[in-house]
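Undergrad: I have a structure here, written as structure tokens, and I will follow up with some questions on it.
The values are calculated or read from the model by the stated rules, or taken from the named source; none is laboratory data. Everything numeric here is computed off the predicted structure, so don't read it as measured data. Please note: Cβ atoms are built from the backbone with ideal geometry, for glycine as well, and neighbour counts cover all protein chains shown. What goes into the accessible areas is simple: the full protein's heavy atoms, side chains included, and nothing from ligands, DNA or RNA. Shrake-Rupley method; radii C 1.70, N 1.55, O 1.52, S 1.80 Å.
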Amino acid sequence: MTPCWEGWKVTRRHMTDLINTEKDLVVSLKDYIKAEESKLEQIKKWAEKLDQLTATATKDPEGFLGHPVNAFKLMKRLNTEWGELESLVLKDMSDGFISNMTIQRQFFPNDEDQTGAAKALLRLQDTYNLDTDTLSRGNLPGVKHKSFLTAEDCFELGKIAYTEADYYHTELWMEQALKQLDEGEVSSADKVYILDYLSYAVYQQGDLGKAMALTRRLLELDPEHQRANGNMKYFEYIMAKEKEANKSSTDSEEQQEKETEVKKKDYLPERRKYEMLCRGEGLKMTPQRQKRLFCRYYDGNRNPRYILGPVKQEDEWDKPRIVRFLDIISDEEIETVKELAKPRLSRATVHDPETGKLTTAHYRVSKSAWLSGYESPVVSRINTRIQDLTGLDVSTAEELQVANYGVGGQYEPHFDFGRVANYGVGGQYEPHFDFARASKELDKTTDLVKPGPLGWGTLCSSVQY
């Protein structure tokens, strides 16, 4: 099994482009601010000049106008200069900024992208057992640029979980938003709205007592809240029915605790093992077995191309044997592959066993491109090199696959063979070697902020890359 992440299907390269886009917009916004400040400065100077002039004129209007120059200048100001000032006030200094915004907006992420990014955070939270406070404060291991979530951010995460009927995460993030507001954070997030979502999410998980307590707190803030008043009456009705049924408080508490702890039903039986591997909690190599692992120079079983220039090979696991090849692809080759793949990157698909067609799926969120050896001598050399070092015949292999998982992208644990559940009784999936995946594991062309393990679920083992 190959664990990855879930979330946004925008690639890391495209994310870099978005950062540059935002930087360009900031520069444009600053130019607009300078233009507005210059405009206001001109208006301010005009106002100060006229303030002094009118103050003098109003003290002795007849004497002031007795001077023919003053009379002329008054006529000129009212007939011409005030009109020019009006034009200056009405002048729209935002044209350049708005024009730039219009051009750049086509590259902006949409609601689906934002939802995907939020789901990626929720996935990481579950996979790495991160509590909401740690995630909110940005205390993540291995990150360079610490960033925190505001109460409004936490509220938005909770709302996204709510729209997915994920009441477990709704509760976690609404509680975090409420906590940060209670601690005095200044925010546009409203406690009434947060409590409204939170009480319902808690009720959906079976904790009626907590739902009632949260609803009471909401009504203290807004006694006229229509939905909260209706919910309170309903909660009281349900509580009365439970008492009438003589349910023991012990059984009720145990059931509530059980239902609160249980997350959404998971369709992946391998989920727990997969998340353990992502955290590096798989089987550990014993010192005795570790002694049998070596590093060496490998010549591809006396392959003529590598006798004089062998490659570095490192043992990662003994049974079954797993090895790592080091420095077999140059930085220049990596950049060439990236440039060839970038214009072709598209959303990765999976095979639908029911329709037999390729389709996108929520459990595979990435972009991929396929490169043939005849398209570039670099791709041809890489294919030949992998064939020489692995002993596998590329003539029956897929094309070289370049995959980019971007921010929070993922491919959930999966088997590279069919199960009866997928193909039915008598169905089959021919044994095969996934050459594209081997290539991908040999050539990690995307820089990782926080390296994670590549796991084999059946072995309960993982390899850090």
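Undergrad: Would you mind finding the one in Lys119, Lys146 that is basic (Lys, Arg) and not in a loop (DSSP other than H, G, I, E, B)?
TA: Lys119
Undergrad: Which residues, taken from the stretch 96-128, are open to solvent by 90 Å² or more (accessible area, probe 1.4 Å) and within 17 Å of the chain's Cα centre (by Cα)?
TA: Phe107, Asp111, Glu112, Gln114 - these are the residues of the stretch 96-128 that are open to solvent by 90 Å² or more (accessible area, probe 1.4 Å) and within 17 Å of the chain's Cα centre (by Cα).
Undergrad: Something else about it: Considering the stretch 153-195 alone, what residues qualify as being polar (S, T, N, Q) and outside any loop (DSSP other than H, G, I, E, B)?
TA: Thr163, Thr170, Gln176, Gln180
Undergrad: Which residues, taken from the stretch 373-400, are loosely packed, with under 12 Cβ neighbours inside 10 Å and either free of Cβ contacts under 8 Å to residues at least 40 places away in the same chain or hydroxyl-bearing (Ser, Thr, Tyr) (or both)?
TA: Passing the criteria: Tyr374, Pro377, Asp393, Ser395, Thr396.
Undergrad: Of the numbered conditions (1) more than 30 Å from Leu157 (Cβ to Cβ); (2) free of Cβ contacts under 8 Å to residues at least 40 places away in the same chain; (3) among the basic types (Lys, Arg), Lys39 satisfies every one except a single condition; which is it?
TA: Of (1) more than 30 Å from Leu157 (Cβ to Cβ); (2) free of Cβ contacts under 8 Å to residues at least 40 places away in the same chain; (3) among the basic types (Lys, Arg), only one is false for Lys39: (2).
Undergrad: Something else about it: So, in the stretch 275-314, of the ones that are closer than 10 Å to Leu389 by Cα and of a type in the set (Phe, Trp, Tyr), which residue ends up least open to solvent (accessible area, probe 1.4 Å)?
TA: Here the residue is Tyr306.
Undergrad: Also, quick follow-up: For the stretch 341-459, which strands (runs of 3 or more DSSP E) that fit wholly inside it have 3 or more residues that are within 30 Å of the chain's Cα centre (by Cα), at pLDDT 85 or above and not hydroxyl-bearing (Ser, Thr, Tyr)?
TA: In the stretch 341-459, 367-371, 400-404 are the strands (runs of 3 or more DSSP E) which contain 3 or more residues that are within 30 Å of the chain's Cα centre (by Cα), at pLDDT 85 or above and not hydroxyl-bearing (Ser, Thr, Tyr).
Undergrad: Filter the stretch 309-338 for residues that are basic (Lys, Arg) and outside any loop (DSSP other than H, G, I, E, B) and give the result.
TA: Once the filter is applied, which keeps residues that are basic (Lys, Arg) and outside any loop (DSSP other than H, G, I, E, B), the stretch 309-338 yields Lys312, Arg324, Lys338.
Undergrad: In the stretch 51-95, what count of residues is obtained for those that are open to solvent by 80 Å² or more (accessible area, probe 1.4 Å), assigned to a loop (DSSP other than H, G, I, E, B) and over 26 Å from Lys34 (Cβ atoms)?
TA: Final tally of qualifying residues: 2.
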